[in-house]
Each structure stands twice: as structure tokens, then as C-alpha cells.
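Worksheet: one structure, shown below.
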Amino acid sequence: MRKILALFYGLLMLVYPVFSQNPPSPEAFLGYPLGTHFTPHHKIVSYFKEVAGKVPGQVKLEQYGETYEGRPLLLAYIASPENLRRLEDIRLNNLRLAGVTQDRMMPDDSILRRQQGTGERRQQGTGEKMVIPDESTPAIVWLSYNVHGNEPSSSEAAMKTFYELVNPANAKSKEWLQHTIVIIDPCLNPDGRDRYVNWFNTAVGKDANPDPQSREHQEPWPAGRTNHYNFDLNRDWAWQTQIETQQRVKKYNEWLPQVHVDFHEQGYNNPYYFAPAAEPYHDVITPWQRDFQVQIGKNNARYFDQQGWLYFTKEEFDLFYPSYGDTYPIYNGSIGMTFEQGGIRAGLAIVTSDEDTLTLADRLEHHYTTSMSTIEISSENAARLVKEFRKYFTDAETKPAGEFKAYFIKADPYGDRLDRLKILLNKNNIDWVPVSSGSFTGLDYETGKIAAFKAGLNDIAINANQPKSNLLRVLFERNSRISDSVTYDITAWAIPYVYGLQAYGLGTYVTGSSGVANGTNANGADKTAPAGGANNSAGQYGYAVRWTGMQSARFLAELLKKGVKTRYAEEAFQSGGNNFEKGTLIITSTGNSAASKNGWTLVWEAARKTGVVLSPIVSGFVEKGADFGSGRVHFIHRPRVGLLTGEEANSQSAGEVWHFFEQDLGYPITQINADDISRLNWKNYDVLILPNGYYKSLADINAAEPFRNWVKAGGRLIAMEDAVTQLSKIEWGIRQKASAADKKDEDKDKKDDDYSVLHRYGNRQRDEVMNSVPGSIYKVELDNSHPLAFGYPDHYYTLKQDDNVYEFIKDGGWNVGIIKKDNYVSGFTGNKAKAKLKDGLIFGVQDMGKGEIIYMADDPLFRSFWENGKLLFCNAVFLVGN
């Protein structure tokens, strides 16, 4: 048999050149040497297509998606001819090594399919022929380039790496590809890259100017780092809020590579960074994952030492936050790494602080070198990589580590928060089962105490003994286990707090069960209220829709866009024997021709589109609460919404709001350049949103007078984060709270022998973190009788990213969300900052004339993954002030 195979491959190698041509180098195809120009994305795509067409026996090119602006997203698979022919078999075998089968890869309609089916996925081997995975398989190395658009050297390096892997003259590459499959994503963020490259090409002169003060090194707002909606795609891997990430991670989970590298650039004065990473490492990271990072680092160092290039390791770039391009792969069994080349703002050439000139050619050569070095060391250790990869997932299923064996999530009555969580779980291929009956005991996430509870309709359980056990543990951990307080990003993200769901950690595994209780549908709604429509007559008095989540907000947005008059109830009421909480939407036929004509078609269509439950109302006379003609039932005016953007606004904060309106809510919003505020026609807007930023128009009392006059005339101003701080300094009625330590320092007279001012230089980073809040979770006490908190219980979990807290509003306002003395929940907070974060305002509403100012000291839309904050923002836009 071996002789026959050898003869076959020998004949194949004789035939192969007939169908294969020498691929062009990047220089030959582009018409210029790499490093002398920035290559637009469409030319990168064209080059990859050209090479793939020349060597079809070594390269498979796949378009896996498109960006928001319509640019293609590509993957290139590079392998030896024999491995490329069996590429799909290698992929499926690799998934079997990870304990993942095709039926575990959830489709987009997975929630609906679960509700209609048994509610459980088949376990591996159930209902299908068991196939034993083969460890004698190539290792998979995935290289991701240019996730930040204005870190562009890596896409240039991707072209060189791609070429050298298929270059017939490169004998080393041929040897490496016997043991590895290389997957190249040449540009993760084409929209951001082209934004930067197109701007640079308009700013640069005939020759590049290396002077750092030259215009070509001063990129304007919003810069090319982010995608179309100004989102940082390197913070989105786990959350998958952006279309680029959604498409990429879906494909990533269909492969699960053994090695993944995310290529970046940092400040141009820094030398090159490569693994091993800095502390903190999450404790879920295995010794092998740590050790092989060191091996890769040493191999990189060998090549850099030969060239005399500077580099550093084990500093700054940690492995903790779960949604990076290095940590997400690590928590999915890979050796995940970030490589950073100095180069942000460097253009084609720049003079560095050590008086050297750093060129684009230098930068791409460094990235090319670490790309090839990583492939080389992975090829040499392919067998060990595959073996340890399999062990990682075997251990995850058979002996999962962590505090709990299962996580039990209670359904939110009438709400959609649990449905949104299921979507996140399915996107990450995390198994869950519905549980509708049984008694359990577990640790309550809210109280931190052991409690007994019973399962109810639509509850779910997530068992830890599954392939994605480690990712599950990281996403659901109550307390971040952080080995070093100096970290690069937020330090808390526990999913139950993010989604506002009641959760328990269990010491035993849970067997799923399914079923629908009598008198309710799948959403737990009234049996008289079919989801997404009704078949009552055109003479129906009206409908009620509970205000419980983003489905309700999207439904309201649809109605307002179509001119359907809608009201909301300020208090709870009972109608037709059904109870409705405050905030419930009410659509009546009276004076509402847009709603009732054609038999309520517009209302039904909106309900079907958004998935809400319509509860028929037969009379305006209610059994309990206020009748629909009462002053406690408020008409919702269709708000005309403006968002301040431009140089004065934080681009990512503005992008969150923009994305939220267009992609989450589906409601129109006008972006207004903050520099143009003096020319604004204020009468055209009912709501103005100030995202995090610093605004010249709020610099002092006189400059802010147009805002004040507009609010007094009936406008609604929503101020977020630092915009709240600005308002606190112009004496509009809110004041920033000082800490007890600050007050003590102000009151005491400084003495010459005050040794507290002395600090050790070597401890400067440690001293800084005493005042820092890099992202921790606090419990906010809510006044849910106020419209800003409708749809919530008496509390909300917020992500604190600073120590800003404000004095309670004493007159003419409402302290809707406050933190008290012991409201810290999770994450790192410096000692001095923690002392300040108590007994103060986080969310509030101040009445001013006919209008209102809504204060949001924390960001309820953070990176679009803080799901439980979204309804709070909708309340500010639609309900407050009506």
C-alpha cells in the first residue's frame, strides 16, 4: 500500500507543475517594493487572488464575509498539495480532537430550533457514527493581521509571508508545510485600514517626511484604528457585537487552531514586543500554553538577535481580559499571542526618540520575521501541539476546573435578556440545556450565599463538562482572579451581571428537561397574547406590551417611525385579569388611525418583527391602577435625536451610541459635529446625546448657555461619563464628590516634614493603580418608580472605569441610581478609589425648566456587550420627560 501511495504522489508531483505557475512576488504584482507605499485593501485582495490562482494546489482562498462598508474579508489556507486536498478532513479531525462535532456548531436560528425541538444538542457519538480523532495530523497556525486599521504594516507583512510560503525557491517553507496548515487573514479591519491609508495618501508629500510634527503623522478623528462604527475589534472577540467579528469568530470556531498570532503596532518609539506575555495571566491558562509561548519567544529572539533588532517580552501586554485576539484563542485551547511592532503614527518613515529613522519597510520586515518564525517552531513541534491541544479539551470535558460544575440561569419573566444570553452562548459554541423542573442548591450570584431554589419555565443550565469549559469559566467567574493589579483592560465581566440575570453556581451537573406550562407561551406570556401578532377584530380597543427588554424598545421604535401613537403607564395596573408593570406600552384605537387601520396591521407587523407579545385590551377601564385616560398614562412623543461627534467626543463612545441606534434599536439618529454646535438649529432636536468626551461648548457657564436655554425650552440632554464631569463644573445642579482623603488633604496645612509625599520611583506603577478603576463591577441601587429605571428590579450592575461619583441631587431632580458603602462586587479597584466609590450618584435626572438633563456617570452601552444597560439608555431616550 505504501509503495502504491508513493507512486501516486510521485506521479502527482510530475503533473502538478502543468497546472501550477510561479506566483508573482508582491513587488512584481503591485509595481513597487513593499514598504515604499501603503497598499489599499482592494490591492491586497487582488494580490491574494492572483497568487491563489497561480498555485491552486497549495492555496485555497475563501471570502468569509463583508465589512459594514462592503469590503471583503478573506482567509487564505496554505498547505502542501497533499494536505490541501484533504483540507476538510483535517478540519473535521481537528474538531474531533477538541470534542466538537458538526451538530455542536449552532446555526443562526438556534434559539428557535431549541424551542421547537427537544431542547438539547446531541452529545458526541449520539445518533452518529463515532469517528476516532487522529493525532498524526498537521498543526494549524492562524495568523491575523491588521485588526487596528492605523497599524497597517502587518497587512504588508501578510503579503510577503503569503508569497514566501508558496515561493518555489523557499525550501524551508515546503518543509514546514508538511507539518502545518497555515491560515492567513490578511486584514481583519479593512474599513479602518482604508480610512487610514486613504487619509495618509492625501497628507503625504512627494517624499515621506520623517519629522514627527509633519501633518502625515497627525491622523484626524476618528482615526483608522476602529471599524465603521468606531469599535475596537480587538476587544470584541468573545462578545461578537460587530459584523466583522461575528463572521470571523464563526469561521475560527470551525477550525480551532493550535496556534494563533494577532499582529499589532504600538507607539513608534517602542521596540518590538513578542511573547511570552506579561502578568496577569488568567489562572485557567495551562502550563503548556505558558511554556510554548516561551519557546516561540526564544525562536523569535534568535532571528532578531541575528539582525541586531531590539525587542522586549513579559511586559505590558497581559493575558486576562477574555475578548482579545490572544486571550480568546487561549481560552479556546490555542497558543494565543500578540506581536507588537513600534509604528503607530509612523507613516512611511519617522524619526524616533533615539534619533533613528523607522521605516515602513523595517516594520513589515519585523512582522514577516515573527510570522515565519512562528510557523517554523510550530512545524517543529507539531506533534506536541496536537497532543496538548487534545489533552486541553479532554480535560475540559472530563475534569473541568473552577468553582462550579454548572451554572443555573433563571429566566426573566416576559423579558428577552435570557434569549440574548443564549445567542451569545451559541455564538461561542457553549452548550446549554433548558431546565423547567427540579429543586437545586447553589451559590446565589447576587448575595454570594448558598440558597435553595426551584427550576421554572424557560430556565437554563450550563454544565462545565464540555469542550468550551475554560471559556465558560472565564466568562462566568464572579470574582476575577488577578495575579497582578497592573493590567491592560477591564478586570470584571461576569455574564450574569452583564445581562442582569439571576444566576446560581452549582456543585453538581444538571440534566436538561423541556416543557411548556399551561397558560403560557414560550416567552412566559399570557395565553391570550400570541407572540408577534393577534387575530382580533379591527374594532379591538387596543394592546399592551410589557416594557421588559430590548424587544420592547425595538417595538416602540418601529411604532414611532410609522406614526403609531403610543403611551406608557407610570404605575402598574391590571386589565382583563392580567398584571402589567409600570412602563408597559399602551396602543389604543382612539385617535390612532395609523395603528387601527387595516385591522392593526402596522402593530402586528412591528410585533412580529421584534418578537414582542401583544396583550389585547378590551377597555380603558382597568381593574387596578390608573385608567388609560389618566394623567399617569403618558403619551410618548417621537423624539428627534442628535449625537455630538467629532474631535471633542471620544470616538469609541460616540460609536457605541451610533451603532446602538442603527444596529440594535433601529431608530434614526443625526450625528452632529461638536465644532458646529454654534450653528445648530436647536429646534430640530428633542434629545441630544453627549458621549464621553470634552466639549468646548461646556467649558464654562457662558459657553454652555445655548445648551441651558435649549433644555429649559423642553430639550432632553443625555450626558455620559466625562460629559457629566464637565456639567458638574459649571454649577448646573450636580457636583462631583470628593473622597474623604481629598478633603483631609485640603483641610490640613502641609508641613516640610510631611513624608507622605515621598514615593519610590520603582513603585510608580503600583502607586498609580491605588487611584485606578480599570473596570470593575458595582451594584447600583435603583429607584425603579422613576421612568429612567422602568423595566428593572431595584438594582443594576454597572461597570465602573473611573472613580467619578457625584453628590446626591438635593432639589429639582431625582437620584435614580446610587451606590452605597458596600456596593463593590467584582474586579480590581485601587484602595484610594474604592474609598471614594460610595454614597453617591451614578444615574440621575435633573429637571430644568420644561426639559431634563439625564446624567449617566457610567457607560450603559459599554462596547455594546453590557446588555443590561441598553434598556436604561432607551428609557432616557423615550420615556424620561414624556
Open item on the list: Is it the case, given these coordinates, that residue 290 is out of contact with any Pro (no Cβ under 8 Å at 6 or more places or on another chain), of a type in the set (Lys, Arg) and closer than 27 Å to residue 492 by Cβ?
Closed with: no
TODO: Could you list, in sequence order, all residues of segment 257-285 that are surrounded by fewer than 24 Cβ atoms within 10 Å (Cβ to Cβ) and either part of a loop (DSSP other than H, G, I, E, B) or of a type in the set (S, T, N, Q) (or both)?
DONE: 266, 268, 269, 270, 271, 276, 282, 283, 284, 285
- [ ] Of all residues in segment 383-398, count the ones that are surrounded by fewer than 23 Cβ atoms within 10 Å (Cβ to Cβ) and farther than 30 Å from residue 435 by Cα.
- [x] 6
Task: residue 853, sole failed condition from (1) buried (at least 23 other Cβ atoms within 10 Å of the Cβ); (2) farther than 25 Å from residue 559 by Cα; (3) within 26 Å of the chain's Cα centre (by Cα) - done: (3)
Task: helices (runs of 4 or more DSSP H) within segment 1-108 that include 1 or more residues open to solvent by 10 Å² or more (accessible area, probe 1.4 Å), among the basic types (Lys, Arg) and modelled with pLDDT of 95 or more - done: 41-54, 81-85, 87-97
- [ ] Would you be able to tell me the number of residues in segment 776-811 that are polar (S, T, N, Q), closer than 18 Å to residue 870 by Cβ and in a loop (DSSP other than H, G, I, E, B)?
- [x] 2
TODO: Would you be able to tell me the number of residues in segment 253-284 that are more than 22 Å from residue 372 (Cβ to Cβ), out of contact with any Asp or Glu (no Cβ under 8 Å at 6 or more places or on another chain) and at pLDDT 95 or above?
DONE: 5
Task: Residues being touching a residue at least 40 places away in the same chain (Cβ under 8 Å) and either of a type in the set (A, V, I, L, M) or closer than 14 Å to residue 461 by Cα (or both) - total across segment 413-431 - done: 9
TODO: Please work out if residue 279 is in contact (Cβ under 8 Å) with a residue 40 or more places away in the chain and within 28 Å of the chain's Cα centre (by Cα).
DONE: yes
Task: Contacts under 8 angstrom Cβ, first residue in segment 375-394 being outside any helix (DSSP H, G or I), partner modelled with pLDDT of 95 or more and surrounded by fewer than 23 Cβ atoms within 10 Å (Cβ to Cβ), 6 or more apart - done: 381/295
TODO: Being open to solvent by less than 20 Å² (accessible area, probe 1.4 Å) and over 23 Å from the mean Cα position of the chain (by Cα) narrows it down to one of 401, 406, so name that one.
DONE: 406
Open item on the list: Restricting to segment 343-370, name every residue that is of a type in the set (Gly, Ala, Ser) and out of contact with any strand residue (DSSP E or B) (no Cβ under 6 Å at 6 or more places or on another chain).
Closed with: 347, 353, 361
Task: Checklist (1) open to solvent by 60 Å² or more (accessible area, probe 1.4 Å); (2) outside any loop (DSSP other than H, G, I, E, B); (3) of a type in the set (D, E, K, R) applied to residue 420, failing item - done: (1)
- [ ] Please state which one of 289, 295, 307 is open to solvent by 10 Å² or more (accessible area, probe 1.4 Å) and either under 27 Å from residue 467 (Cβ atoms) or touching a His at 6+ places or on another chain (Cβ under 7 Å) (or both).
- [x] 295
TODO: Residues being outside any helix (DSSP H, G or I) and open to solvent by less than 20 Å² (accessible area, probe 1.4 Å): count how many of those fall in segment 457-478.
DONE: 9
Open item on the list: Could you list, ordered by first residue, the pairs with Cβ atoms under 7 Å in which the first is in segment 214-236 and farther than 12 Å from residue 650 by Cα and the second is open to solvent by less than 10 Å² (accessible area, probe 1.4 Å) and of a type in the set (Lys, Arg), at least 6 apart or interchain?
Closed with: 224/193
TODO: Looking for whichever is open to solvent by 20 Å² or more (accessible area, probe 1.4 Å) and under 30 Å from the mean Cα position of the chain (by Cα) here; the options are 664, 676. Which one fits?
DONE: 664
- [ ] Residues being open to solvent by less than 30 Å² (accessible area, probe 1.4 Å), more than 26 Å from residue 423 (Cβ to Cβ) and of a type outside the set (Val, Ile, Thr): count how many of those fall in segment 538-587.
- [x] 9
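The values are calculated or read from the model by the stated rules, or taken from the named source; none is laboratory data. Remember, predicted model here, so these are calculated numbers, not experimental data. Heads up, the Cβs are rebuilt from the backbone with ideal geometry, glycines too, and the neighbour counts pull from every protein chain shown. Areas reflect the complete protein model, heavy atoms only, side chains present, ligands, DNA and RNA absent. Shrake-Rupley method; radii C 1.70, N 1.55, O 1.52, S 1.80 Å.
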